[in-house]
Amino acid sequence: PLILTIESTCDETAAAVINDRLEVLSAVVASQEKFHEQFGGVVPEIASRAHVERILPVIDSALRKAGVRLSDLDAVAVANRPGLAGSLLVGLMAAKTLALAGNLPLIAIDHLQAHIYACRLAAGKDVFPCIGLIVSGGHSNIYRCETPLDFTPLGGTIDDAAGEAFDKVASMLGLGFPGGPALQRAAEQGDPKKFRLPRPLLDDDSRLEFSFSGLKTAVRYQLFGAGKPEMNAATLDPQLVADMAASVQAAIIDCLAGKAMLALQQTGFQRLCIGGGVAANRPFRERMERLAAERGIELHIPPLSLCTDNAVMGAIALEKYNAGQFATLDLEISAGLERPHLARST
Ligand code: ATP
Ligand code: MG
Ligand code: FE
């Protein structure tokens, strides 16, 4: 079959056409960075408006680049969870409309499962079962992934996501948005041992949990001191910024690497798949590659373009197509503010 996949969960508007050999016939991504830059983070209302403007041109462009028409498609797939409500709605409405107009089956994509499926695409072979680590702007979750569509939450963050920590600290350091790539760049000139920052929960082998919100506070106090609410990144020495960037990055990587290894140990799994925007971080990738090689772990991390949001990873829809798992036209969005791993423990 030929499947059109649509992604609009956050601030990327994306569409792709995939065939039944998981070949990518076309892939289009429109980013909104320039709209959100001045606010230092994604503004939901601006994101949904930008999706409205871009969704049809993006879909049109994906179809044209693939050389297919609506009537050539066998299904339309859309990420309907989790994400920003307004953003999700735009993609869902577009998908439903195409499904109705083209009399095509509709497939619902879980954006987080899709982030892990990017590893399947990059590997070119089955990567399940595996431990899945999703490190993105909104999530830092660890799953036991039996199949591409069957995830059991094992743990995750109890406050901020890893990407959020990158973004917020980068903003405090005056590095701009999105913060992850900017902080990585600044860190290249810095000393990761210059500042002592906390690695919360890292030593607690009984918990597969992260906590990144304290990092912001730690950075703030070390840079600007107590009782000085007026923070001004412009006054910071560039070497100090680089050292802090390197120190923060090292702290985040230590926590992610430590808990990923703990999850493998606890479950006895030998295979680790990492997805989400933070998986694009080069020092993180290198650390994971080193650890995996040392411990005989089969590691999968997608190429950079498949780490941040894209519609290619929506190829997971083929798994649902083959399993006959279709959605009806009353499909809804699920913004998914719940924290699945916490819900279990309460
Ligand atoms: P979610 O997938 O949880 O819904 P999202 O879709 O917004 O969130 P992604 O697009 O997967 O998130 O990832 C975006 C995040 O990845 C941002 O927080 C960004 O700073 C971070 N990121 C991107 N590149 C890098 C990098 N090189 N180093 C660190 N972080 C990075
Ligand atoms: Mg994004
Ligand atoms: Fe994402």
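What the table shows:
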quantity: Near pairs, Cβ below 8 angstrom, 6+ apart or cross-chain, from segment 273-291 (within 15 Å of HIS139 (Cα to Cα)) to any residue that is modelled with pLDDT under 95 and away from ligand 2 (no atom under 16 Å from the Cβ); calculated: none
quantity: Helices (runs of 4 or more DSSP H) wholly inside segment 102-188 containing at least 3 residues that are over 25 Å from THR13 (Cβ atoms) and away from ligand 3 (no atom under 16 Å from the Cβ); calculated: 179-187
quantity: Any hit, segment 317-336, residues being part of a helix (DSSP H, G or I), away from ligand 2 (no atom under 16 Å from the Cβ), within 17 Å of VAL29 (Cα to Cα) and among the small types (Gly, Ala, Ser); calculated: no
quantity: Filter result for GLY124 (among the small types (Gly, Ala, Ser) and crowded, with 19+ Cβ neighbours inside 10 Å); calculated: no
quantity: Any hit, segment 165-184, residues being more than 16 Å from ligand 2 (Cβ to nearest atom) and charged (D, E, K, R); calculated: no
quantity: From the options PHE195, PHE177, PHE210, residue that is closer than 26 Å to PHE224 by Cβ, crowded, with 17+ Cβ neighbours inside 10 Å, in contact with a Cys (Cβ under 6 Å, 6 or more places away or on another chain) and aromatic (Phe, Trp, Tyr); calculated: PHE210
quantity: Segment 294-337: number of residues that are small (Gly, Ala, Ser) and in contact with a helix residue (DSSP H, G or I) (Cβ under 7 Å, 6 or more places away or on another chain); calculated: 3
quantity: Any pair with Cβ under 9 angstrom, 6 or more apart, that starts in segment 254-266 at a residue that is closer than 14 Å to ILE297 by Cβ and ends at one that is in a helix (DSSP H, G or I) and of a type in the set (D, E, K, R); calculated: ALA257/ARG287; MET261/ARG295; LEU264/ARG295
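The values are calculated or read from the model by the stated rules, or taken from the named source; none is laboratory data. Keep in mind the model is a prediction, meaning the values are calculated, not measured. With ideal geometry, Cβ positions are generated from the backbone for all residues, glycine too; neighbour counts draw on all protein chains shown.
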